[in-house]
Amino acid sequence: MKKRLFTPGPTPVPESVMLKMAEPIIHHRHPEFKEILSRVNENLKYLFQTEQPVLTLASSGTGGVESTFVSLFSPGETIVSVNGGKFGERWVKMPRTFGLNAVEIKTEWGKAPTAEQIVAALRAHPNAKAVYLVHSETSTGTATDVKMLARVIRDNSDALVCIDGITAIGAHEFRFDEWGIDVCVTGSQKGLMIPPGLSFVAVSSRAISAMETSKLPKFYFDLRKALKAYEKNDTPWTPAISLIIGVDAALQMIRAEGVEKIWKRHERLAMALRAGIQAIGLRLFSDSPSFAVTPVWIPDGIEWKKFNSIMKEKYGITIAGGQEEFAGKIFRIAHLGYYDELDMITILSALEMTLVSCGHQFGAGKGVAAAQAFFAMNA
Ligand SMILES: *Cc1c(COP(=O)(O)O)cnc(C)c1O
């Protein structure tokens, strides 16, 4: 059976990238690797739309975000963090673990934070050193208007604008320099189309200044060390060589397609999938849907466990379930990274056939037809 992954990390890895990673290992001080590293660093700047450094760490995305807390701040300092789902919640718990005063802005799952909420938090905490936002909250498939909120933060404070771009980079429009962002983190197993194990941290000159006075303890995740090595086209520790070779190949694909076209492709795929889902009477979960992942309410009378096991065992398809209070209530389909139009037709078809097997009454075939019509009308 062919296995098909529709999860928001890990995401499918193109065959050409897998073949590159399977080549014999090379040494990281060798000129051949240095050439790869400098090309990766250049192409990462393109992906983040920045002229500032994008640091590559050997860790998952969470490690990348941890590096920002420990490298930028000092004990007792205040940061504001938006919690609208599992990941936002993590960026409240994590800084508290390190002795930071994390002010939480809670938003209902499926709703994006508003300018009013950010302004109110900044008024109440004028000493806030940073605001953390999740661009695409993966647990709820909800997109935040980072461009607008970055403006609001800049206009109302000196706080650093720090973005969890882990499922947004490569799916949503993102312009680090133009939008005045200070920190943005992504991970390798999301829009970058390679296996898990790397995180990427873009830092502005304001963020670099904050590093110079930061007093939280750190060693491996010290971004000053990463930056010093970066300036010499090097890494402070043994890099994850094979993954960097993989991301080099993936970034060349991204460059060849063009980042603007990639954002458009993600939007098109997300819109076609939504059209298909609504055409069979299913309801979308988010009020501000992400282009990376689409959460859908499970229809009444359908049991998630049974539904998921048919998807997996009969069709070889892995999708994601709901988390926390939405476990068993929603499912999530990802279309982040290496996906095309026919992948959306495939997942809709599998979804329809699975609903039929579960005894759900609906117009089978209408979802696929709606997605096809969307693609035809928006060619
Ligand atoms: C996947 C994800 C993370 C966590 O990344 P890991 O690589 O699992 O550590 C953080 N934020 C968002 C929005 C994510 O989708």
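The values are calculated or read from the model by the stated rules, or taken from the named source; none is laboratory data. Values in this document were obtained by computation on a predicted structure and should not be read as measured data. In this analysis, Cβ positions are derived from the backbone assuming ideal geometry, glycine residues included, and neighbour counts consider all displayed protein chains.
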Restricting the range 185-221 to residues that are surrounded by 18 or more Cβ atoms within 10 Å (Cβ to Cβ) and polar (S, T, N, Q), the one farthest from the chain's Cα centre (by Cα) turns out to be Ser214
When the range 277-334 is checked residue by residue, the ones that are under 11 Å from Gly141 (Cα atoms) and assigned to a loop (DSSP other than H, G, I, E, B) are Phe285, Ser286, Asp287, Ser288, Ser290, Phe291, Ala292, Gly322
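Mind counting the residues in the range 119-162 that are β-branched (Val, Ile, Thr) and either more than 12 Å from the ligand (Cβ to nearest atom) or outside the structural domain of Val247 (by TED's automatic domain parsing) (or both)?
To start, the set of residues in the range 119-162 that are β-branched (Val, Ile, Thr) comprises 119, 131, 134, 138, 140, 142, 144, 146, 152-153, 161.
Narrowing the set further to residues that are either more than 12 Å from the ligand (Cβ to nearest atom) or outside the structural domain of Val247 (by TED's automatic domain parsing) (or both) leaves 119, 131, 146, 152-153, 161.
Counting residues in the range 119-162 that are β-branched (Val, Ile, Thr) and either more than 12 Å from the ligand (Cβ to nearest atom) or outside the structural domain of Val247 (by TED's automatic domain parsing) (or both) gives 6.
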Heads up, the strands (runs of 3 or more DSSP E) in the range 13-129 (entirely inside) with at least 3 residues that are among the polar types (S, T, N, Q) and either over 22 Å from Trp237 (Cβ atoms) or at pLDDT 95 or above (or both) are 78-83
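A quick yes/no check of all residues on (1) at pLDDT 95 or above; (2) in contact with a His (Cβ under 7 Å, 6 or more places away or on another chain); (3) in a loop (DSSP other than H, G, I, E, B); (4) closer than 30 Å to Ile330 by Cα:
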| residue | (1), (2), (3), (4) |
| --- | --- |
| Cys184 | yes, no, no, yes |
| Met193 | yes, no, yes, yes |
| Lys225 | yes, no, no, no |
| Pro239 | yes, yes, yes, no |
| Leu251 | yes, no, no, no |
| Ile254 | yes, no, no, no |
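Table: residues versus (1) in contact with a helix residue (DSSP H, G or I) (Cβ under 8 Å, 6 or more places away or on another chain); (2) within 16 Å of the ligand (Cβ to nearest atom); (3) under 20 Å from Ser209 (Cα atoms); (4) polar (S, T, N, Q).
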residue	(1), (2), (3), (4)
Glu42	no, no, no, no
Ser71	yes, no, yes, yes
Glu77	no, no, yes, no
Ser81	yes, yes, no, yes
Pro95	yes, yes, yes, no
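From the list Gly165, Gly197, pick out the single residue that is within 16 Å of the ligand (Cβ to nearest atom) and on the phi > 0 side of the Ramachandran plot.
Working: Gly165 fails: on the phi > 0 side of the Ramachandran plot.
Answer to the check: Gly197.
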For the range 50-83 the number of residues that are within 16 Å of the chain's Cα centre (by Cα) and either more than 19 Å from Phe221 (Cβ to Cβ) or not assigned by TED's automatic domain parsing to the domain that holds Gly170 (or both) is 2
Matching residues in the range 142-159 (out of contact with any Phe, Trp or Tyr (no Cβ under 6 Å at 6 or more places or on another chain) and buried (at least 19 other Cβ atoms within 10 Å of the Cβ)) number 9
Residue set Tyr220, Tyr230; condition out of contact with any His (no Cβ under 9 Å at 6 or more places or on another chain), within 16 Å of the ligand (Cβ to nearest atom) and hydroxyl-bearing (Ser, Thr, Tyr); output residue Tyr220
(1) under 22 Å from Phe48 (Cβ atoms); (2) surrounded by 24 or more Cβ atoms within 10 Å (Cβ to Cβ) all hold for Ser139 apart from (1)
Taking the range 11-34 and keeping residues farther than 18 Å from Thr346 by Cβ and either among the hydroxyl-bearing types (Ser, Thr, Tyr) or within 16 Å of the ligand (Cβ to nearest atom) (or both) leaves Ser16
Is the range 339-358 home to any residue that is without any contact (Cβ under 8 Å) to a residue 12 or more places away in the chain and either part of a loop (DSSP other than H, G, I, E, B) or charged (D, E, K, R) (or both)?
no
Of the listed residues (Ala120, Ala102), the one being out of contact with any helix residue (DSSP H, G or I) (no Cβ under 9 Å at 6 or more places or on another chain), free of Cβ contacts under 8 Å to residues at least 40 places away in the same chain and not polar (S, T, N, Q) is Ala120
For the range 168-177 the number of residues that are in contact with a helix residue (DSSP H, G or I) (Cβ under 6 Å, 6 or more places away or on another chain) and either away from the ligand (no atom under 13 Å from the Cβ) or at pLDDT below 95 (or both) is 2
Those residues of the range 249-262 which are within 19 Å of the chain's Cα centre (by Cα), surrounded by 18 or more Cβ atoms within 10 Å (Cβ to Cβ) and not β-branched (Val, Ile, Thr) amount to Ala250, Leu251
